[in-house]
């Protein structure tokens, strides 16, 4: 098996780092949901040496992630564990940061709901969830390219597609997550940041 590779990950890893480094600067353990090609994982762990970056993904993607992690020689990057967000209990019980990139538009809506529920359970008080990807705001696309991408996703799977920020915000609020900030990033993507306000 070849190591997985995403050109988009190469393009966006630096802008993402510029944002998450601010929000995770006082964190020790970050859970990444959907590590994918693990290019983000490697880059962020290398640059954010003060924290431990824990990878996770669905079972079928773990082999590729492990191939990527074989070349990493430091001790702040965790081998991936299998994570199905619809599980009632996740393998990790608590963390002081959660990151996920380009997941909500691939998941079904019921999976998105379960992911936010899971984040609400594992994220410690006053710690933050950073979610990267393309989103809609007030039902509107931020660019024609996002609209075309959304149409492609719907053709492939009618239950997937770009999510409305307002719908995600309702899920966040139900888990005690308070909205912090929206960042506009290249290629019509955003990072949405929420902070856990309820006690664990």
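The values are calculated or read from the model by the stated rules, or taken from the named source; none is laboratory data. All values reported here derive from a predicted model rather than from experimental measurement. Methodologically, a virtual Cβ is constructed for each residue, glycine included, from the backbone with ideal geometry; neighbour enumeration extends over all protein chains shown.
Some notes on this structure:
- One residue stands out in the range 168-183 among those that are over 16 Å from the mean Cα position of the chain (by Cα) and without any contact (Cβ under 8 Å) to a residue 40 or more places away in the chain: the one that is surrounded by the fewest Cβ atoms within 10 Å (Cβ to Cβ), namely 170.
- Count - residues of the range 70-98 that are without any contact (Cβ under 8 Å) to a residue 40 or more places away in the chain and within 23 Å of residue 22 (Cβ to Cβ): 4
- All positions within the range 30-50 that are surrounded by fewer than 19 Cβ atoms within 10 Å (Cβ to Cβ) and within 21 Å of residue 93 (Cα to Cα): 50
- Only residues that are free of Cβ contacts under 8 Å to residues at least 60 places away in the same chain and either under 21 Å from residue 27 (Cβ atoms) or over 14 Å from the mean Cα position of the chain (by Cα) (or both) were counted across the range 101-112, and they come to 3.
- Residue in the range 71-80 that is modelled with pLDDT of 95 or more and under 26 Å from residue 160 (Cβ atoms) present: yes
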